[in-house]
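Engineer: Please find one structure pasted underneath; my questions will follow.
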Amino acid sequence: MADTHQFSTLGFIGLGAMGKPMVVHLANKLPPESKLYVFDVFEKVVDDLVAEYPGRIYKGTSAKDVAQRSETIITMVPEGAHVRSVYLDPQNGVCSTDISGKLLIDCSTIDTATSLAVKDHINQNFPTASFYDSPVSGGVVGAIKGTIAFFLGCAESDPNLKHLTYLATLMGKQIIPCGGPSLGLAAKLSNNYLSGVIAIACSEAFDMGMRSGLDPRVLYKVYGAGTAQNAICDKFCPVPDVYPEAPSTGGYKQGFKVELMKKDFGLAVDMAKRVGSKNVLGDVGLETYENASKDPQCRGLDSRVVYRYLGGNEDWQLKSNGA
Ligand code: NAD
């Protein structure tokens, strides 16, 4: 099985903030004989890529068209409803053509139930096709730099793992097999739940410390040295001008949008309820991200803007400079 997929024809559906840079890596790094077939409902992005990579990237007219012309198909669309439509639309979906023997990889962050429903449909109708959930982490900057991580819904013993790993390393740095179908998504959602909760807790902790008279740079060192040490504080510090490369320092402009955090947090809370996991921070966290997404001061910005939403002081340097 592993050697049947040589990536001579590869399809990519969904060329947004994440998908487009992932395709660019594939176009630059796949063997010279490989052809890429791409499709997005937003036609201009398809035309632009085809113009940029003549003889390498070809225009697909639908998800079905891409599936017909490609042995391996990657999808990267926003939500479960889009994934259903891309795969299951009876006229134009991937599964409306014969996909026997093909390798299908969905990198979208969606609910596990939709992913399993698509996989079941494929297993029943095309038993020799292989479908995997493989959400990614690392954001748009990671997709551009080629440093994203893939959380793959399969076991370490999966016969396609070698090929999946090869493909993933063209677009990113790490691939973690999570055990079985939909477990890549379960891993991603639990990761983003944890990251979202930490961002709120970190914002509150900075705020209470700063209101008590502490300089946030001192707090940053304290958290880093103490038991509260965490990556959100270290690299994505919600308080501006503490860590130079944090999105907050650039006005929360680059990063992981608060709307996406709201979506993933909501999916994680739903998953927790479905599997009977007690979840005391879930509802309050979700409400916080829902409200921050609606707040005109926060929407469209990096999710660590939750510090602003909670009333944190962003101009602390004026005070520490004696202004
Ligand atoms: P995006 O909205 O920028 O891009 C999605 C693309 O899918 C768009 O170009 C849209 O036109 C296309 N699309 C929608 N429906 C389609 C259909 N039926 N057929 C073909 N194309 C269709 O979203 P994004 O930021 O690229 O995110 C994609 C997925 O990756 C989401 O599930 C998101 O949660 C996840 N993700 C995003 C980030 C991030 O930082 N942006 C990080 C990790 C994971």
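The values are calculated or read from the model by the stated rules, or taken from the named source; none is laboratory data. The shown structure was predicted, so the numbers you read here are calculated from the model rather than taken from an experiment. Just the protein is used for accessible areas: all its heavy atoms, side chains included, with ligands, DNA and RNA removed. Shrake-Rupley method; radii C 1.70, N 1.55, O 1.52, S 1.80 Å.
Engineer: Between 0 and 90 degrees, rounded to the nearest ten: what's the tilt of helix 183-211 against the longest Cα principal axis of the chain?
Structural biologist: Roughly 20 degrees, rounded to the nearest 10.
Engineer: In this model, which of Lys102/Lys263; Lys102/Lys173; Lys29/Lys162; Lys29/Lys64; Lys35/Lys188 are farther than 21 Å apart at the alpha-carbon?
Structural biologist: Over 21 Å apart, Cα to Cα: Lys102/Lys263; Lys102/Lys173; Lys29/Lys64; Lys35/Lys188.
Engineer: Same structure, new question: Just to be sure I understand: if I project the alpha-carbon convex hull of the chain onto a plane and average over all orientations, what area do I get in nm²?
Structural biologist: 18.0
Engineer: Further question: I need the per residue convex hull volume for segment 9-180, using only the alpha carbons, in cubic angstrom as a whole number.
Structural biologist: Roughly 101 Å³ of hull volume per residue.
Engineer: Right, next: Could you work out how far the C-alpha centroid of segment 154-202 sits from that of segment 1-73, in angstrom?
Structural biologist: Each part's Cα centre sits 22 Å from the other's.
Engineer: Tell me the angle of helix 282-294 to the major Cα principal axis of the chain, expressed in degrees between 0 and 90 and rounded to the nearest ten.
Structural biologist: Taking the Cα atoms of the chain, the angle to 282-294 is about 90 degrees.
Engineer: Using the alpha-carbon atoms, what tilt in degrees (0 to 90, nearest 10) does helix 161-171 show relative to the longest principal axis of the chain?
Structural biologist: It is inclined by approximately 60 degrees.
Engineer: Using helices alone, I'd like the mean residue ellipticity at 222 nm for the chain: each DSSP H run of four-plus residues gives -39500 (n - 2.57), total over residue count, nearest 500.
Structural biologist: -14500 deg cm²/dmol
Engineer: Here's something else I'd like to know. Quick one: check the C-alpha center-to-center distance for segment 224-243 versus segment 265-283, whole angstrom.
Structural biologist: Computed from Cα coordinates, the inter-centre distance equals 26 Å.
Engineer: Ok, one more. Give me the accessible area per residue for the chain, probe 1.4 Å, as a whole number in Å².
Structural biologist: 46
Engineer: Return the long-range amide H neighbours of Lys35 (sequence gap of 5 or more, or a different chain), with a cut-off of under 5 Å between placed amide H atoms.
Structural biologist: Those lying under 5 Å, H to H, from Lys35 are Thr9, Leu10.
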